[in-house]
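Please treat every number below as a calculation from the coordinates, not as lab data. Only a predicted model underlies this, so the values are computations on that prediction, with no experimental measurement involved. Here Cβ is always computed from backbone atoms with ideal geometry, including for glycine, and neighbour counts include all displayed protein chains.
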Amino acid sequence: MRPTPQLVVLSSPSGGGKTTICKALVSQNPDYKISVSATTRPARDNESNGVDYLFLSSQEFFQRVKNDEFLEYEEVHGNYYGTLKSDVQKLLEEGYTVIFDIDVNGALSIKKKFPEAILIFIRPPSLAELKRRLRARKTEDPDSIEKRLQRLPREYAKAKFFDYDIVNEELKKTIDQVQQIIETHQRRETYVSNS
């Protein structure tokens, strides 16, 4: 029998490691799936539509907002990101634990609709390390990095509303920690319902 499906939301500042952790969890657990966010931002070279994100034009995105198709959506760094209700519902019905890789505001929106969702804030070990990781990614110019760093105080202020706050010093240890948290919740047998 499959463990009880959960909604698990990982948030962190850009460069905090949440995407890497999400991918590792899904590769280790065949009953976990990542919720693929829709976004208006252009795809990066290494990204595929429908795998990394569902890439939409602004017009398509706002049509879906108008149709009330999003569980949550936010503007982040001048682009819009959102979680489609139908995708999440389908994964839950198929018995998957759904992993979200979204920003802090999106995480808190999901918690309002699904109080049993597990919110995990992933914190970089230091500001210097975060800057190093952002530069090492080579996906943003210095202005974009600066924009991301300006969000830090707001993101850290919201971490106190999360169920868990983990410092990602050593990646493997952080992945194991998140895995243990999910398994503890699964053992509690709280089934996710959309009430």
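Table for the structure above
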read-out: From the coordinates shown, Cα extents along the principal axes in Å corresponds to which of (1) 49, 35, 25; (2) 48, 41, 30; (3) 68, 33, 33; value: (2)
read-out: Residue 34 long-range amide H proximity, modeled H, under 5 Å; value: 99
read-out: Peptides ranked, highest mean first, by Cβ atoms within 10 Å: ranges 72-83, 95-106, 153-164, 19-30; value: 95-106, 72-83, 19-30, 153-164
read-out: Whole-Å distance, taken between Cα centres, linking the range 1-47 and the range 87-105; value: 9
read-out: Per-peptide average of other Cβ atoms within 10 Å, ordering 41-49, 9-17 highest first; value: 9-17, 41-49
read-out: Test item: Cα-centred dipole of the chain, Lys/Arg +1 and Asp/Glu -1 on Cβ, debye; value: 400
read-out: Cut-off 12 Å between beta-carbons: net charge of the residues surrounding residue 166, Lys and Arg +1, Asp and Glu -1; value: -2
read-out: Convex hull of the range 1-83 built on C-alpha atoms - directionally averaged projected area, nm²; value: 6.6
read-out: Relative contact order of the chain, defined on C-alpha pairs under 8 angstrom at six or more residues apart (%); value: 34
read-out: Two-site label geometry, residue 27 and residue 152: point separation in nm, points 7 Å out along Cα→Cβ; value: 2.8
